[in-house]
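J.: One structure, pasted below without further comment.
The values are calculated or read from the model by the stated rules, or taken from the named source; none is laboratory data. In this text the structure is predicted, and so the values were computed from the model without any measurement. For neighbour counting, all protein chains shown are included, and Cβ atoms are generated from backbone atoms with ideal geometry for every residue, glycine included. Note: areas computed on protein heavy atoms with side chains; ligands, DNA, RNA excluded. Shrake-Rupley method; radii C 1.70, N 1.55, O 1.52, S 1.80 Å.
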Amino acid sequence: MKFFTDENSELAQEIIERYPKSRSAMIPLLHLAQEQEGWITDEAMAEIAELVGTTSAEVLGTCSFYEMFKRKPVGKYVINICTTMSCALMGAGDLMKHAESRLGVKSGGSTSDGMFTLEGAECQAACTEAPCLQVNYRHQYRVTADQFDQLIEELASSDHDVPRHGVLSRIRQHIPEDRFVRPTPPDEVVSAPIWMVTDGGEK
Amino acid sequence: MNEMTGTPIPHAPGFIANETPRIVTSRFDYEDSHTLTRYEATGGYEGLKKALQRTPEEVHNEVRDATLLGRGGAGFPAGVKWGFCPPEVWPRYLVVNGDESEPGTYKDRLLMELDPHQLIEGCLIACYAVGLSQCFLYIRGEMAVAQERVAQALNDAYAAGYIGKNIQDSDFSVDIVLHWGAGAYVVGEETALIESLEGNRGMPRLKPPYFPASIGLYGQPTIVNNVETLSNLPWILEHGAEAFTSIGTESSPGTRMVAVSGHVKRPGVYEIVNGTTTFRDLLYGSDMCGGIRDDNQLKAFVPGGGSAPWFTADQLDLPFEASQVGPQGSMLGSGAIMVMDETTDIPAAALTLTKFYAHESCGKCVPCREGGTWLEQILRRVVEGRGTARDLELLIEVGETICPGDFPHAAVPSKGIEAVPFPYRMTTICFVGPSAFAPIHSALTLFREEFEAKVAGNDHPTMIEVAVDV
Ligand SMILES: Cc1cc2nc3c(=O)[nH]c(=O)nc-3n(C[C@H](O)[C@H](O)[C@H](O)COP(=O)(O)O)c2cc1C
Ligand code: SF4
Ligand code: FES
């Protein structure tokens, strides 16, 4: 059984072609798998291994290093509350407590309807807007308890534009064929790029 | 309090525009600052066009003359680093460090979301100058909006002939490939970034020998630069190194973006004049943070991102100048200040940082992997009132296995404590291990009485909830 859909298989090829070594596509392909499935399955890792020319164990090795790759199903919306210094100073602890009681789960848990997973997270590069959180890696700033409740209602009633977990960028890079230079593999190119030599200081 | 000046920009959450020259944030006021149309209408891609009229060497020299210090943390001059590529070893690559995740740091994300073309133009100028034949733009995984903005900008710039084959009909050709991470702080370290880009676990490599400029991506010469560093290049090429160095000081010219968070009246991201602006200007200036919240007293601040030893009011008059901050016991790092007022529970505040670095250890070095975890556990029991006096010694002993010898800290004139200058010695490959110790060491040195009160069981209640499990 193939893991990737036909459309995603094509995308995977397009991604791999951009790198001098296909193994570099490993993380982008894991993201693509998570986008398709919401989490990273064994089938996904096996197929990615094949695509980039390595073993499933190597893919698991990489996959397990990174926080965002989920090895079990998670909620449709993953809510990450920042608990690092600036947010902690501005009330992240209270926000987390409120979130736990509103959702009825502890940090790390998921609601039984599969809608929400709640996690404590580290600095989200929004420290001036503390306390902050992310829903599927999209920020909410200076979040109060009331705003949190409102957010949950909006998410539950689909009154928002946050894509489901696994979808990160909704815009994909596409390099037009006629402008694509193509990768420069380390073992093939031995001379300087043309613009470094042809100018001869004449410009 | 005085009237506040400076303008918050609603579509740039946190950014506050003020009167200082605006080199990298000049377009932030426009709501469509991220579009190619706005970029071209406001002088965009002019720096690249100027660069293409000159030889790569001339462009490199212009950047070297500008003394553009790296904005990612280490503050190394970009033009000098570019010169470290061994001659005649090809291909060379550019890796853009957009992994911004140092506690307190918030600027690269703004630059990617609000002015992605400026970053792209900066990448192109660097590639042209140093002969880099492919660029990988590595954005932190947890930044979905930045990824969307940069992806759109790349697609538009390819279509408009700014990226790809024969850029602007010249013989300069380069691809920029968008890549993103998946959540691991240590990947921001440049050699770990390269490991990650090769599809591996993001574990740092030993330097030497693995200085990226000589042995980087796929073993080839590789320039790693921060997003803000590269975002300065279009301006430098358009206006010249001389205009750049006329702002700020000779050793720290230009501007830099600084995020001030925590207990100030107006937390925000400011573009400040480098070298001359002081911490007092930033924290108390009416065009900036406007003072401490509720007019409280300042207790302490972290001057350069979570890794930096702490300062107190005694250091407020230091300027943003590495050569002055270093001898006083800390560093400017990634342009991030976290402010604690008099109500702050200092041991608990230190724990919010130590648990970060302990959690983010990649596990490659024993002192970091084991030491970080121990530091967190010991400090946690002290904070929770389960500690003993012996624990305070233990914290230092464990810290010394990571950083042997004197650890840098600020002076405390009232206690007769003199500053120990930056940097420190370390037993680890990268700075994650030492960074788990830095907040503990600073807090214990500057506010020992608070720890003693905790272990004696007569302290004030913890003001900060520190998550147990993240
Ligand atoms: C643990 C660690 C994390 C780092 N994180 C970042 C980061 O998120 N972004 C960044 O630009 N530099 C980061 N750096 C610094 C990079 O290693 C590197 O010095 C920098 O990207 C070089 O760019 P610059 O010279 O333009 O500053 C980090 C360093 C360490 C030790
Ligand atoms: S210091 Fe820590 S994070 Fe850095 S390489 Fe060693 S174990 Fe990894
Ligand atoms: S500390 Fe919460 S976003 Fe940085």
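J.: Rounded to the nearest 20 Debye, what is the dipole magnitude of region A:98-203 about its Cα centre when Lys and Arg each give +1 and Asp and Glu each give -1 at the C-beta?
T.: On the way: 10 positive and 17 negative charges, 13 e Å.
That gives region A:98-203 a dipole magnitude of about 60 debye.
J.: Sticking with this one: Just going by the charge dipole of region A:77-157, with Lys and Arg at +1 and Asp and Glu at -1 on Cβ, which of A:A88, A:L103, A:Q147 is farthest out on the positive end?
T.: Farthest towards the positive pole: A:A88.
J.: Using 0.36 nm per residue, how much length does the chain from A:Q147 to A:K97 gain when fully extended, once their Cα-Cα distance is taken away? Provide the component values of the computation, followed by the final result.
T.: On the way: separation 50, 0.36 × 50 = 18.00 nm, distance 1.42 nm.
My answer for the length gained is 16.6 nm.
J.: Please work out the FRET efficiency for the pair B:D171 and B:V89, using the Cβ-Cβ distance as r and a Förster radius of 22 Å; give the result to the nearest 0.05.
T.: Details: r = 21 Å, r/R0 = 0.95.
After rounding, the FRET efficiency stands at 0.60.
J.: Quick one: what are the phi-derived ³J(HN,Hα) couplings along region A:148-160, Karplus 6.51/-1.76/1.60 with θ = phi - 60°, whole Hz, x for glycine and proline?
T.: Per residue, the Karplus-derived 3J(HN,Hα) values read 4, 4, 5, 4, 4, 5, 4, 5, 5, 9, 6, 9, 5 Hz.
J.: Let me see the P(r) profile for region B:264-360: every Cα-Cα distance counted, bins of 10 Å, each bin given as a percent of all pairs.
T.: Per 10 Å bin, starting at zero, the Cα-Cα P(r) for region B:264-360 comes out as 16, 50, 31, 4 percent.
J.: Next question. Label B:T373 and B:R22 with points 7 Å out from Cα along Cα→Cβ: what is the distance between them in nm?
T.: Calculated label separation equals 4.9 nm.
J.: Find the all-direction average of the projected area of the Cα convex hull for region A:59-203, expressing the result in square nanometres with one decimal place. Before the final figure, lay out the partial values.
T.: Values: hull surface 58.9 nm².
Dividing the Cα hull surface by four gives the mean projection, 14.7 nm².
J.: With a 1.4 Å probe and all protein chains left in place, how much accessible area per residue does chain B have, in Å²? Working shown, then result.
T.: Values: 15080 Å² over 470 residues.
In whole numbers, chain B has 32 Å² accessible per residue.
J.: So which trypsin sites (Lys or Arg not before Pro) in region A:109-194 pass both tests, a DSSP loop state and at most 14 other Cβ atoms within 10 Å of the Cβ?
T.: Numbers: sites: A:R138, A:R142, A:R164, A:R170, A:R172, A:R179; in loops: A:R142, A:R164, A:R170, A:R172.
Sites meeting the loop and neighbour criteria: A:R164, A:R170.
J.: Next up: Under 5 Å between amide H atoms, partner at least 5 residues away or on a different chain: which partners does B:A213 have, H built in plane at 1.01 Å?
T.: Answer set, sorted by chain and number: B:T222.
J.: Okay, moving on. Taking every DSSP beta bridge that has both residues in region A:77-157, what percent is antiparallel when rounded to the nearest 5? Can you show the working numbers first?
T.: On the way: 7 of 13 bridges.
Among the beta bridges of region A:77-157, antiparallel pairing accounts for roughly 55 percent.
J.: Is there a quick way to get the dipole size of the protein assembly as shown? I mean about its Cα centre, with the Cβ of Lys and Arg at +1 and of Asp and Glu at -1; what is the value in debye to the nearest 20?
T.: Details: 54 positive and 91 negative charges, 182 e Å.
The dipole magnitude comes to about 880 debye.
J.: How large is the accessible surface per residue of region A:33-139, computed with a 1.4 Å probe and reported in Å² as a whole number?
T.: About 34 Å² of surface per residue is accessible.
J.: Roughly what would the spin-label model give for A:A46 and A:H174, points 7 Å off Cα along C-beta, in nm?
T.: So the two model labels end up 3.3 nm from each other.
J.: Can you list residues from other chains, or at least 5 along the same chain, whose modelled amide H is less than 5 Å from the amide H of B:Q134?
T.: B:L94
J.: Taking the DSSP beta bridges in the protein assembly as shown as the whole, what percent of them are antiparallel, to the nearest 5?
T.: Given both bridge residues lie in the protein assembly as shown, the antiparallel proportion sits at roughly 50 percent.
J.: By how many nm would the segment from B:K49 to B:L206 grow when fully extended, if each residue of separation counts as 0.36 nm and the alpha-carbon distance is taken off?
T.: Going from the current span to full extension adds 52.7 nm.
J.: Moving on. What value, in deg cm²/dmol to 500, does the helix sum -39500 (n - 2.57) over DSSP H runs of n ≥ 4 give at 222 nm once divided by the residues of the protein assembly as shown? Present the calculation step by step, with values, prior to reporting the outcome.
T.: Numbers: 26 runs with 247 residues, N = 673.
After summing the helix terms and dividing by residue count, I get -10500 deg cm²/dmol.
J.: Pull up the cross-link candidates among the lysines for B:K207, meaning alpha carbon to alpha carbon under 22 Å and not fewer than 8 places away within one chain.
T.: Output for B:K207: B:K81, B:K364.
J.: Scan around B:A182 for amide H atoms under 5 Å from its own, H built in the peptide plane at 1.01 Å from N, and keep only partners 5 or more places away or cross-chain.
T.: B:G141
J.: Take region A:77-157, drop everything but the C-alpha atoms, weight them equally and run the Debye formula without solvent; then report log10 I(q)/I(0) at 0.10, 0.21, 0.22 Å⁻¹ to two decimals.
T.: -0.19, -0.87, -0.96
J.: Taking the Cα centre as origin and putting +1 on Lys and Arg beta-carbons and -1 on Asp and Glu beta-carbons, what dipole magnitude results for chain B, to the nearest 20 debye?
T.: Numbers: 35 positive and 60 negative charges, 159 e Å.
That gives a dipole near 760 debye.
J.: Based on the mean of other Cβ atoms within 10 Å per residue, sort peptides B:113-122, B:198-207 so the most packed one is first.
T.: Going from most to least packed, we get B:113-122, B:198-207.
J.: Let me make sure I get this right: for region B:65-107, a, b and c are the square roots of the gyration tensor eigenvalues over alpha carbons, sorted descending. Under 1.5 in a/c it's rounded, otherwise prolate if a/b > b/c, else oblate. Which is it? Mind dumping the intermediate values first?
T.: Numbers: a/c = 3.49, a/b = 1.68, b/c = 2.08.
Verdict is oblate for region B:65-107.
J.: Given 37 °C and 0.692 mPa s, compute D for chain B with the Stokes-Einstein relation, Rh being the Kirkwood radius over Cα pairs; round to the nearest whole µm²/s.
T.: Values: Rh = 22.8 Å.
It comes out at roughly 144 µm²/s.
J.: Cα convex hull of region B:26-111: mean projected area in nm², to one decimal? Mind dumping the intermediate values first?
T.: Details: hull surface 30.6 nm².
Average projection, Cα convex hull of region B:26-111: 7.6 nm².
J.: Also, quick follow-up: Would you work out which of B:T42, B:T245, B:S286 lies farthest towards the positive end of the dipole of chain B? Charges go on Cβ: Lys and Arg +1, Asp and Glu -1.
T.: The one lying farthest along the dipole's positive direction is B:T245.
J.: Once the dipole of the protein assembly as shown is set up with Lys and Arg at +1 and Asp and Glu at -1 on Cβ about the Cα centre, which of B:Q377, B:P13, B:G75 lies farthest towards its positive end?
T.: B:Q377
J.: To the nearest 10 square angstrom, what accessible area does B:W180 show with a 1.4 Å probe?
T.: B:W180 exposes around 50 Å² with every protein chain in place.
J.: Still on this model: Using each residue's phi in region B:39-56, evaluate 6.51 cos²θ - 1.76 cosθ + 1.60 at θ = phi - 60° and report the 3J(HN,Hα) Karplus result to the nearest Hz, with x for Gly and Pro.
T.: Listing the rounded values in order: 4, 5, 6, 10, x, x, 6, 6, x, 5, 4, 5, 4, 5, 6, 10, 6, x Hz.
J.: On to the next question. Would you compute the Debye intensity of the protein assembly as shown from its alpha-carbon atoms alone, equal scatterers and no solvent, and pass along log10 I(q)/I(0) at q = 0.05, 0.10, 0.11 Å⁻¹ to two decimals?
T.: Calculated log10 I(q)/I(0) at the listed q: -0.21, -0.92, -1.13.
J.: Find, among the trypsin sites (Lys or Arg not before Pro) in region B:1-97, those assigned to loop by DSSP (not H, G, I, E, B) with at most 15 other beta-carbon atoms within 10 angstrom. Provide the component values of the computation, followed by the final result.
T.: Values: sites: B:R22, B:R27, B:R38, B:K49, B:K50, B:R54, B:R64, B:R71, B:K81, B:R92; in loops: B:R22, B:R27, B:R54, B:R71.
Answer in residue order: B:R22.
J.: Let me know the mean shielding of A:60-73 by other chains, meaning the per-residue number of their Cβ atoms within 10 Å of its Cβ.
T.: On the way: counts 0, 3, 8, 2, 1, 13, 9, 10, 8, 3, 0, 0, 0, 0.
Average neighbour count from other chains, rounded to a whole number: 4.
J.: If you count the DSSP beta bridges with both ends in chain B, what percent of them are antiparallel, to the nearest 5? Walk me through the numbers on the way to the answer.
T.: Values: 20 of 43 bridges.
Roughly 45 percent of the DSSP beta bridges within chain B come out antiparallel.
J.: Ignoring ligands, DNA and RNA, what percent of the 1.4 Å accessible area of region A:77-157 is carbon and sulfur? Numbers along the way, then the final one.
T.: Values: 1270 of 2710 Å².
On region A:77-157, the fraction of accessible area on carbon and sulfur atoms equals 47 percent.
J.: Once each part is reduced to its C-alpha centroid, what is the distance from region B:81-133 to region A:128-184 in angstrom?
T.: If you average the Cα positions of each part, the centres end up 24 Å apart.
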